[in-house]
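The values are calculated or read from the model by the stated rules, or taken from the named source; none is laboratory data. Model, not experiment: these values are computed from the prediction. Every residue, glycine as well, gets a Cβ built from its backbone with ideal geometry; the counts of neighbours run over all protein chains shown. When the accessible area is computed, the model is the full protein with side chains, heavy atoms only, and any ligands, DNA or RNA have been set aside. Shrake-Rupley method; radii C 1.70, N 1.55, O 1.52, S 1.80 Å.
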Amino acid sequence: IHFLMVNLTDGYQESVESAKGFIEKSGYTFPIYYDTSYDAAKAYSVYAVPVTYFLDEDGYIIAWGNGALSAEKLKEGIGFIYSE
């Protein structure tokens with residue numbers, strides 16, 4: 001399992017610098033990518049954040065969750081990957 005974050009950073013509401021500050025303060029240790037041109041948002045049809053996507057080994061979306069996910073919902077999403 002690999003976890004990563006794609007941060008939608010528009011430079012107006014949030015800058016890369018302010019996002020990095022929040023991420024460091026929060027103690028996240030997984031890779032973080034900054035979508036400053038909204039390419040990832042467009043590719044995955046993101047209209048609201050946060051959103052979590054569960055991708056299979058080939059990169060296909062097999063499940064997703066809108067809003068902040070509880071530990072239970074996160075485990076459920078991971079279960080979709082391993083139930084195939």
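So the values come out like this:
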read-out	value
Subset of the stretch 51-79 [among the aromatic types (F, W, Y) and in a loop (DSSP other than H, G, I, E, B)]	Y60
Residue list for the stretch 22-57, filter: among the acidic types (D, E), exposed (fewer than 10 other Cβ atoms within 10 Å of the Cβ) and within 17 Å of T9 (Cα to Cα)	none
Residue that is farthest from G11 (Cα to Cα) [pool: residues in the stretch 58-84 that are open to solvent by 60 Å² or more (accessible area, probe 1.4 Å) and touching a residue at least 24 places away in the same chain (Cβ under 8 Å)]	E84
Qualifying residue in the stretch 5-21 (condition: surrounded by fewer than 11 Cβ atoms within 10 Å (Cβ to Cβ) and under 25 Å from E76 (Cβ atoms))	no
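Here is a yes/no grid of residues against (1) among the aromatic types (F, W, Y); (2) touching a Phe, Trp or Tyr at 6+ places or on another chain (Cβ under 8 Å); (3) not in a loop (DSSP other than H, G, I, E, B):
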{"residue": "Q13", "(1), (2), (3)": "no, no, no"}
{"residue": "A19", "(1), (2), (3)": "no, yes, yes"}
{"residue": "F22", "(1), (2), (3)": "yes, no, yes"}
{"residue": "K25", "(1), (2), (3)": "no, no, yes"}
{"residue": "Y28", "(1), (2), (3)": "yes, no, no"}
{"residue": "Y33", "(1), (2), (3)": "yes, no, yes"}
{"residue": "K42", "(1), (2), (3)": "no, no, yes"}
{"residue": "V49", "(1), (2), (3)": "no, no, no"}
{"residue": "I81", "(1), (2), (3)": "no, yes, yes"}
